[in-house]
Structures are given as structure tokens and as C-alpha cells.
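J.: For reference, the structure I am asking about is given below.
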Amino acid sequence: MMSKLARLIAATLVFTFALALPARAQENAPEPEGYRTDNYRAPVPATLAGARVLATGEAEAIWRAGAGVFIDVLPHAPKPQNLPAGTIWREKPRLNIPGSVWLPDTGYGTLAAATEDYLRHGLARASGGNSATLLVIYCQADCWMSWNAAKRALSYGYRNVAWYPEGTDGWQRADLPVAESQPEPQAGEESSSPR
């Protein structure tokens with residue numbers, strides 16, 4: 001009787017595991033040919049052709065060694081233009097990986113010329129003009145913005161691009177430090193505070 005029960009349990013476990021395999025394989029989206037242009041908060045691919053994909057431990061090691069430049073591409077919500085007079089606006093602070101360069105709004109699938117110029121100049125400043133500098137590009141978990149921005153950096157000729165798909169969500173889950181950040185200024189703007 002016991003062996004019959006054990007076989008039934010084993011068969012159930014094998015069947016359950018077999019059903020779970022296709023679902024697990026579908027958790028990561030396939031890598032598209034171009035840029036993702038909608039539904040940016042969705043499962044991302046496990047890969048990015050031409051770039052290294054980093055787990056949190058690898059990103060932490062690079063950060064602790066100071067071996068790369070961290071680029072945050074999370075969008076920045078501007079102050080609404082139609083706020084009634086006297087309304088107090090409090091920006092939500094962006095907590096990112098300390099020392100990061102925040103280039104907001106640069107991960108969309110289609111960029112306006114001014115935004116693309118902002119990204120190009122931001123990457124050039126961050127890398128010191130050296131296309132071999134390690135750029136670690138991130139946003140949040142399941143955020144296509146970082147995938148798009150890393151793909152775009154590769155298209156600009158950067159040869160040492162790493163994509164950190166877990167972003168600040170994975171970083172904070174690992175109980176690593178974060179710091180309040182301000183966006184890098186656009187052309188003609190002055191920096192309001194240090195990164």
C-alpha cells in the first residue's frame with residue numbers, strides 16, 4: 001500500500017513539474033529585433049544581444065569595485081502644468097544605486113531628437129568619451145526602459161554595455177544602499193544638486 005502511495009505522489013510531482021516547465025520558460029519575453037514601444041512594465045528578455053546581463057551580485061561587485069558607470073533610465077514625472085495656483089507639488093524622490101547617473105525618459109522605444117541627444121551626451125559625459133567604459137544600465141525589475149537604453153547604447157558604439165534587469169527593485173531586495181538622486185540636467189539647464 002505504501003509503495004502504491006509513494007508512486008502516486010512521485011507521478012503527481014513529475015506531472016506538476018512537467019506542467020510548470022513551459023510556464024517557467026515563458027516568464028521571460030523573447031528578445032525583439034527593434035525597441036519595445038509599449039507596455040514597458042512587463043516581463044523582459046533574459047538576454048540582450050551584445051551586452052552582458054547582470055544578476056544583483058554581479059552588479060554589486062562592479063559597484064563596490066568602482067569598475068563601471070551606473071546609468072539609471074527610470075522616467076521622471078514632471079510637475080503637472082495644470083495644477084491650481086497655490087498647490088504644493090512634492091516630487092517623489094528617486095532612490096537609485098549610489099553614484100548613478102540618472103538619464104530619465106531615455107528608455108522609451110521611440111525618442112524625440114532632443115531626448116536622444118540628451119542620452120548620447122549623457123553617456124559621453126558618464127563614460128568620459130571612452131566607448132570601452134563599462135556602462136551598467138538599469139531601471140526597475142520588469143522594465144523595458146533599461147533594455148531599450150542598453151540596446152541604444154550598443155547602437156551608439158559602446159562596446160562594454162551591461163544590462164541589470166532587476167534594477168533598483170533587485171538592489172533593494174538585496175538590502176544594498178540607495179541614494180536620493182536628481183536627473184542629469186538637459187542642455188541649457190543647471191544641475192540642481194549632486195547625483
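The values are calculated or read from the model by the stated rules, or taken from the named source; none is laboratory data. The model shown is predicted, which means the values in this text are computed figures rather than measured ones. Keep in mind that these areas ignore ligands, DNA and RNA; they rest on the heavy atoms of the full protein, side chains included. Shrake-Rupley method; radii C 1.70, N 1.55, O 1.52, S 1.80 Å.
J.: Whenever you get a sec, compute what percent of the accessible area on segment 52-142 sits on carbon and sulfur atoms (1.4 Å probe).
T.: Numbers: 2530 of 4630 Å².
Looking at segment 52-142 in its full context, I get 55 percent from C and S.
J.: List the relative contact order of segment 59-185 as a percent without decimals, with contacts defined as Cα pairs under 8 Å and 6+ residues apart. It would help to have the intermediate numbers written out before the result.
T.: Working: 211 pairs, mean separation 41.5, N = 127.
33 percent.
J.: Considering only protein heavy atoms, what per residue accessible area in square angstrom results for segment 109-186 with a 1.4 angstrom probe?
T.: Working: 3010 Å² over 78 residues.
Averaged over the residues of segment 109-186, the accessible area is 39 Å².
J.: How many angstrom lie between the C-alpha centres of segment 45-119 and segment 141-174?
T.: 9
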